[in-house]
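This report concerns only the one structure given below.
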Amino acid sequence: MRPVGTASDLNAPELYLNRELSILEFQKRVLAQATDPNTPLLERLRFLTICSTNLDEFFEIRVAGLKQQETFGLSQTASDGRTPSEALGAVSRVAHGIINEQYRALSEDLLPALEKERIRILRRNEWTNKQKNWLRWYFEAEVLPVLTPVGLDPSHPFPQILNKSLNFVVLLDGKDAYGRSAGTAVLQVPRTLPRIIQLPSSNDHSLDVVLLSSVIHDNIGDTFPGMTVKGCYQFRVTRNSELFVDEEEADDLLSALRGELPSRKYGEAVRLEVADDCPASVCEFLLDRFDLEQRDLFQVNGPVNLHRLAALYDLVDRPDLKYKTFIPRVPEGYDQDGSIFTLIRERDLLLHHPFESFLPVMHLLREAARDPNVIAIKQTLYRTDADSPVVAALIDAARAGKEVTAVVELRARFDEAANIDLATRLQQAGANVVYGVVGYKTHAKMLLVVRREGTRLRRYVHLGTGNYHTRTVRAYTDFGLLTCKKQISEDVHRMFLQLTGLGKAKKLGKLLQSPFTLHKTILRLVSTEADEARAGRKAYILAKMNALNDPEIIRALYRASQAGVRIDLIVRGVCCLRPGVKGVSENIRVRSVVGRFLEHARVFHFHAAGQKLTFLSSADWMERNLHRRVEASVPVEDATLRERVLKEGLEQYLTDTKNSWILDADGSYAPAKSGSRSFSAQEALLQG
């Protein structure tokens, strides 16, 4: 571990934790849920698969970026001073440890626990003769007809391997019908085949499944008739999945992105996963084919893609092995049969998901779609469901003659194809669809409804910290604010004018906006707290976010800590700030909460000489959010609602001892000490 910097130089690289290693630290916390005996068994399996998926994306984006920087010979890439090569070496060592722990947890913890519950993932040596015969029939009827093995020779070069696909390298002996004696073949497994196969019911009422990879491995000889199979080893390659589109040169961003999407499947290789029994010579052969180094090789004791086990969660109908289902509460005074417009005119409505229902937001959209007094609806869409009721409501509104405008962020990573589809559907319904501002992703969560009421127009708005996604709204913690306050709704209107038209950004009355005012306002508010502390007055900062890596904000927090400001940060994922450094950050405490729900809300609170300023935001304190995205942050001005936000979204989490992890100055996390009793903020909020 690198030495910690000193108070004399707040720019010292040693004062900033490496972003990539911080991401991996978060994956350790996710993985810890898979081994926690207090977590329901199938939820533990789900956490294991989530960790696997997260690591895939980490390699596809973060490691791929480091490799590109290494290729271009950059001498320094990270805020902690590491070169790309140094960072890649450190990442490889930590990632190997995490992946080894994943497979240990699967084989030593989860599989035995599942077997006790009569849920068995059977290996080939555990099949009965009856099961073996049935699986042989299944292979011949359902699998073999769609397989295309490729024997490697001058007329059959090594095939293009799809990103994250299941493949086998097969070693052969003998000659085929044409007298060819190629010793190596590659078999790519089509993604149309199910990765988990349920066996016919057994007498002991257990649920027995096998992996597709095991079925293919056991019957691989049928794929190469007349040849002797000397070895068969599964492998998977992870590729660079960043898309490159020159927005300034593209006449049509949708068409340009649609044309670029297929390239994601065949980007530069960044990781190779192989079975742990794969011989060194075969590993070297594959590494050479994909132009990878030894540090990029991961040999695993189990399936090369743990995410495929996620299908087991839905396959098993065992509520006792899952989190208890819950029904989100509706806000006090909310009547789903009444007019949402009447309610919002009476008072602002604060929604805390998933503990409170998303229904009022859908109510606003659906009522707006059918209300003859509604003239226009405008909404940003970053991520949403494939069959989104939000999009359905916008389509209904457009078909009803409303002026519907959708700002669809086509570049939302890994949702590009889905967003292209929904943009097309909205356009076909007659909606105005735009893609934001060239060079800036539109990440703000805003909905604006314009309604004629008597002789005037009134604007109703929703601003949130999370996406308009009716599935993740039951799994992510987020806040949303419904209001028709004049200044706030006018600000939202002005932001939509920026996104759809041209012109200078008008000054906003209440909202803070990236890339214009949010960053500098946060810096000013942090500096004000420092001034208050130096004057001997109370000063306090309490903030919650997904990630923190903006160097200017980190330095401002260091200075505030040195001035005596007490700072509590709840940062779920990446945190590049080092807390508890003598003379630098002794007054800063950082915790991460990883539990049943993904902590997704962004809430910033400043004591502000007793004004108690609290903001809900779509933006994390990250460079990209504050400088390269369009974001919106709204103040919570109603005293009652502000106290709710503070209590429910921030203060309860500071006392969480069940799902909290405390960040140390060296970048490591340790579970919060529970003392005499364990307390979960999420569980308390579920109970109401």
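The values are calculated or read from the model by the stated rules, or taken from the named source; none is laboratory data. Predicted, not measured: the structure shown is a model, and the values here were computed from it. Note: ideal-geometry Cβ built from the backbone for every residue, glycine included; neighbour counts use all protein chains shown. SASA here: full protein model, heavy atoms, side chains in, ligands and nucleic acids out. Shrake-Rupley method; radii C 1.70, N 1.55, O 1.52, S 1.80 Å.
Residues of the stretch 395-430 that are open to solvent by less than 10 Å² (accessible area, probe 1.4 Å), under 18 Å from residue 364 (Cα atoms), small (Gly, Ala, Ser) and not in a helix (DSSP H, G or I): 406 alone.
Matching residues to (1) in contact with a helix residue (DSSP H, G or I) (Cβ under 8 Å, 6 or more places away or on another chain); (2) over 20 Å from residue 661 (Cβ atoms); (3) part of a helix (DSSP H, G or I):
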residue	(1), (2), (3)
37	no, no, no
47	yes, no, yes
53	yes, yes, yes
65	no, yes, yes
69	yes, yes, yes
82	yes, yes, no
92	yes, yes, yes
98	yes, no, yes
114	yes, yes, yes
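Within the stretch 546-570, the set of residues being aliphatic (A, V, I, L, M), surrounded by fewer than 23 Cβ atoms within 10 Å (Cβ to Cβ) and touching a Lys or Arg at 6+ places or on another chain (Cβ under 6 Å) comprises 563 only.
In the set 526, 437, 433, only one residue is at pLDDT 95 or above, among the aliphatic types (A, V, I, L, M), surrounded by 14 or more Cβ atoms within 10 Å (Cβ to Cβ) and within 31 Å of the chain's Cα centre (by Cα); that residue is 526. Starting from the stretch 472-497, take each residue that is crowded, with 23+ Cβ neighbours inside 10 Å and list its partners that are in a helix (DSSP H, G or I) and of a type in the set (Ser, Thr, Tyr), counting only C-beta distances under 9 angstrom and pairs at least six apart or across chains. Going by the 9 Å Cβ cut-off, the qualifying pairs are 478/472; 483/489. In this structure, residue 226 qualifies as of a type in the set (Gly, Ala, Ser), at pLDDT below 95 and at positive phi. Note on the stretch 340-387: among residues that are in contact with a helix residue (DSSP H, G or I) (Cβ under 7 Å, 6 or more places away or on another chain) and assigned to a loop (DSSP other than H, G, I, E, B), the one that is modelled with the lowest pLDDT is 386. Checked against (1) surrounded by fewer than 18 Cβ atoms within 10 Å (Cβ to Cβ); (2) out of contact with any Pro (no Cβ under 9 Å at 6 or more places or on another chain); (3) over 25 Å from residue 189 (Cβ atoms), residue 81 meets all criteria but (2). Checked against (1) in contact (Cβ under 8 Å) with a residue 24 or more places away in the chain; (2) within 25 Å of residue 196 (Cα to Cα); (3) open to solvent by 30 Å² or more (accessible area, probe 1.4 Å), residue 141 meets all criteria but (1). Filtering 492, 433, 449, 461 for residues that are in a helix (DSSP H, G or I) and of a type in the set (Val, Ile, Thr) leaves a single hit, 492. Of the candidates 291, 314, the single residue that is within 23 Å of residue 108 (Cα to Cα), open to solvent by 30 Å² or more (accessible area, probe 1.4 Å) and among the acidic types (Asp, Glu) is 314. Each residue in the stretch 57-72 was checked for being of a type outside the set (Asp, Glu) and within 13 Å of the chain's Cα centre (by Cα), and 2 of them qualify. Could you please let me know if residue 540 is open to solvent by 20 Å² or more (accessible area, probe 1.4 Å), touching a strand residue (DSSP E or B) at 6+ places or on another chain (Cβ under 9 Å) and either free of Cβ contacts under 8 Å to residues at least 60 places away in the same chain or of a type outside the set (Lys, Arg) (or both)? When the stated conditions are applied, residue 540 passes them.
Cβ separations smaller than 7 Å between residues 6+ apart or across chains give the following pairs from the stretch 80-92 residues that are polar (S, T, N, Q) to residues that are open to solvent by 10 Å² or more (accessible area, probe 1.4 Å): 83/75; 83/76; 83/77; 85/70; 92/295.
State whether the residues of the stretch 278-298 include one that is part of a helix (DSSP H, G or I), among the small types (Gly, Ala, Ser) and in contact with a helix residue (DSSP H, G or I) (Cβ under 6 Å, 6 or more places away or on another chain). Checked the stretch 278-298: no residue is part of a helix (DSSP H, G or I), among the small types (Gly, Ala, Ser) and in contact with a helix residue (DSSP H, G or I) (Cβ under 6 Å, 6 or more places away or on another chain).
For residue 219, the criteria (1) touching a Leu at 6+ places or on another chain (Cβ under 8 Å); (2) at pLDDT 90 or above; (3) within 21 Å of residue 283 (Cβ to Cβ) hold in every case but one, which is (3). Scan the stretch 644-670 for residues that are in contact with a strand residue (DSSP E or B) (Cβ under 7 Å, 6 or more places away or on another chain) and in contact (Cβ under 8 Å) with a residue 60 or more places away in the chain and the total you get is 16.
Selection of the stretch 210-230 for residues being assigned to a strand (DSSP E or B) and surrounded by fewer than 20 Cβ atoms within 10 Å (Cβ to Cβ) yields 228, 229, 230. For the subset of the stretch 370-391 comprising residues that are hydrophobic (A, V, I, L, M, F, W, C) and open to solvent by 10 Å² or more (accessible area, probe 1.4 Å), which member is nearest to residue 425 (Cα to Cα)? Among those residues, the one meeting the criterion is 386. For the stretch 571-585, does any single residue satisfy the condition of being of a type in the set (Lys, Arg) and surrounded by fewer than 21 Cβ atoms within 10 Å (Cβ to Cβ)? Taking every residue of the stretch 571-585 in turn, at least one turns out to be of a type in the set (Lys, Arg) and surrounded by fewer than 21 Cβ atoms within 10 Å (Cβ to Cβ). The number of residues in the stretch 474-507 being within 12 Å of residue 633 (Cα to Cα) and modelled with pLDDT under 95 comes to 0.
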